[in-house]
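Okay, so here's the structure we're looking at.
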Amino acid sequence: MLGRDFALFFTEADRAAGLPGRELQHAVQEGRARTEGWRLRRDGSRFWAGVTITPVLADDGQLRGFAKVTRDLSVQRRLTALEVSSQRMSAFLAVLGHELRNPLAPIRNAASLLRRLPELPAPALHSAGIIERQLDHLVRLVDDLLDVGRIVTGKVVLQRRRLDWHEVVQASLEVARPLAQARQHDLTVDQPDEPLPVDGDLTRLVQALQNLLHNAVRYTAPGGRIALVVRRDADRLVTTVHDNGRGIAAADLERVFDLFVQAEATAGSADGGGLGIGLSLARTLVEGHGGSLVAASDGPGRGSCFTLRLPLAGGPQAGAATHRRTAPATPQRVLVIDDNHDSTDTMVELLRSLGHQALGAYGAAEALQQAAAFVPEVVLLDLHMPDGDGFSVIAELRRLPRPPRVFAMTGYGQQGDRRQTAAAGFDGHLTKPVAPAELEAALTPR
């Protein structure tokens, strides 16, 4: 560059637009010019540059030239772009989860209501069971999709505690058994009676094992066999899920764990093949607990086996898993507030079928009027309504002579949403569609 015009750093379009001269003029007028933009390397390739131009003055103040520093900011620019992209993805996933969960809420309420009707004809009862099972599948897909977003952006925090692996197995089977029964699978379980202590996040470990069982159900033909086996191996816990289903080609044994990827041998399964998320999510969650997850198969048509290994916890072992049955809820006066009429109406009917006195409101203003007259003991409150949000409504509810317990009932279920409702004074956070056990817990007097 010695002896040559610094305009050689600029693209042809910028030179034609007079940008080099304008930068020098700006430096003279302001005493220094700082800019960012595309510049050219010696080989003609472009890079994103940070440029500082400073006038060089003689003792008498006359302009003698310019000092110019050009820094390659390509890496910093890519990192900034990735950060912005991550923030946009998080926001997109939050809205996506909300929009998908909202219509699922009245479907779950209606299905639960159907199951409680007296003398329901057998075909209708069977249809209600199908709706509930497929709804669970949809909810799991939504949760998996959102969890992938959190994992990719590094926002999953494991809530570890000492637990017994039997808890994980039982919770996983509660979801997997109805799915297996619907396809006439022979699902067997073999596990030791002794406690199997693990330090982990119960919800995430259940999620991982459920995905393995669901994968086996999905890719095993009706009438097939699925075996869940749990055993100790020194200081490790080994859990295998074996099926006699479609199997996996040798070249795909690792690919099945890639995000949004499915092996060709398993494409076109009975339920459409899912999103290619479950196995990737399961491996990530298991590895987050210091474990491993691998797949094995003798090839297409010869079944598959997934082996999950976790470290057993040291020190005093957790006692055998205990499962307490929740006592029937005492009848409560419950106000349901949601601008989605179907969601409100079906929840009100479901609550009444459970023995509660329930009333619905479709907006913030109506809700406050109903609350003053109805004097609810519990309020299920949507967070986003056309005439006001749940945060303003709960503030008014707290001013009532007999303030009710208030639970957020929303399609937004990420950790940030839960922290926000907790900070606002909500007694709990129910993510749509609300699971029966969560609803029962919210309605239990304290």
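Every number here is computed from the coordinates shown, using simple stated rules; none is lab data. Quantities reported herein were computed from a predicted structural model and do not represent experimental measurements. When we count neighbours, we look across all protein chains shown, and the Cβ atoms used for this are built from the backbone with ideal geometry, even at glycine.
May I ask for the equivalent-ellipsoid semi-axes of region 1-146, computed as the square root of five times each C-alpha gyration tensor eigenvalue and listed largest first in whole Å?
Values: eigenvalues 932, 43, 22 Å².
Whole-Å semi-axes of the equivalent ellipsoid: 68, 15, 11.
Just grab the label-to-label distance for Arg177 and Glu254, each label 7 Å out from Cα along the Cβ direction, in nm (one decimal).
Between Arg177 and Glu254, the label points sit 3.9 nm apart.
Just rank Arg399, Arg302, fewest to most, by other beta-carbon atoms within 10 angstrom.
Values: Arg399 8, Arg302 12.
Fewest-to-most ranking of Arg399, Arg302: Arg399, Arg302.
Based on the alpha-carbon set only, what is the convex hull volume of region 161-315 divided per residue, in Å³?
Numbers: hull volume 15.3 nm³, N = 155.
Residue-normalised Cα hull volume stands at 99 Å³.
What does the net charge come to around Asn244 if you take all other residues with beta carbon closer than 10 Å to its beta carbon, with K and R at +1 and D and E at -1?
Details: positive: Arg225, Arg246, Arg302; negative: Asp186, Asp243.
Taking every Cβ under 10 Å from that of Asn244, the sum is +1.
Give me the percent relative contact order of region 161-315, please, defined on Cα pairs under 8 angstrom at least 6 residues apart. Kindly include the intermediate steps, with their values, before the conclusion.
Details: 316 pairs, mean separation 39.6, N = 155.
That works out to 26 percent.
With a cut-off of 8 Å between alpha carbons and a minimum separation of six or more residues, what is the relative contact order of the chain in percent? Present the calculation step by step, with values, prior to reporting the outcome.
Details: 746 pairs, mean separation 53.5, N = 446.
Value for the chain: 12 percent.
With all pairs of different alpha carbon atoms counted, what Kirkwood hydrodynamic radius in Å does the chain show?
Values: mean 1/r = 0.0378 Å⁻¹.
Value: 26.4 Å, from the Cα pair sum.
Cut-off is 10 Å between beta-carbons; in what order do Thr344, Thr11 appear when sorted fewest neighbours first?
Details: Thr344 24, Thr11 15.
By the 10 Å Cβ count, ascending, the order reads Thr11, Thr344.
Between Ala296 and Glu194, what FRET efficiency comes out of the Förster formula 1/(1 + (r/R0)^6) with R0 = 35 Å and r the beta carbon distance, rounded to 0.05? It would help to have the intermediate numbers written out before the result.
Working: r = 26 Å, r/R0 = 0.76.
Computed FRET efficiency for Glu194 and Ala296: 0.85.
Using the Kirkwood radius over C-alpha pairs as Rh, can you work out the diffusion coefficient of region 6-72 via Stokes-Einstein at 4 °C, viscosity 1.567 mPa s, in µm² per second?
Once the numbers are plugged in, D ends up at 104 µm²/s.
Pop out the ³J(HN,Hα) list for region 241-258 in order, Karplus 6.51 cos²θ - 1.76 cosθ + 1.60 with θ = phi - 60°, rounded to Hz; leave Gly and Pro as x.
10, 10, 9, 10, x, 6, x, 9, 5, 4, 5, 9, 4, 8, 4, 5, 8, 6
Calculated from DSSP H runs of 4 or more alone, at -39500 (n - 2.57) each and per residue, what is the 222 nm mean residue ellipticity of the chain, nearest 500? Mind showing how you got there, number by number?
Numbers: 12 runs with 185 residues, N = 446.
Computed ellipticity for the chain at 222 nm equals -13500 deg cm²/dmol.
Tell me the relative contact order for region 6-72 as a rounded percent, counting alpha carbon contacts under 8 Å between residues six or more apart. If you can, show how the numbers build up before the last one.
Numbers: 98 pairs, mean separation 16.4, N = 67.
Dividing the mean separation by the residue count of region 6-72 yields 25 percent.
Using 1/(1 + (r/R0)^6) with R0 = 41 angstrom and r between the beta carbons of Asp387 and Arg162, what's the FRET efficiency to the nearest 0.05? If you can, show how the numbers build up before the last one.
On the way: r = 47 Å, r/R0 = 1.15.
Efficiency computed from Cβ-Cβ geometry: 0.30.
Find how many whole Å separate the alpha carbon centroid of region 367-405 from the alpha carbon centroid of region 1-54.
60
Can you sort Arg15, Arg4, Arg108, Arg101 so the residue with the fewest Cβ neighbours within 10 Å comes first? Could the numbers behind the result be given before it?
Numbers: Arg15 15, Arg4 7, Arg108 26, Arg101 23.
Taking fewest neighbouring Cβ atoms as first place, the list is Arg4, Arg15, Arg101, Arg108.
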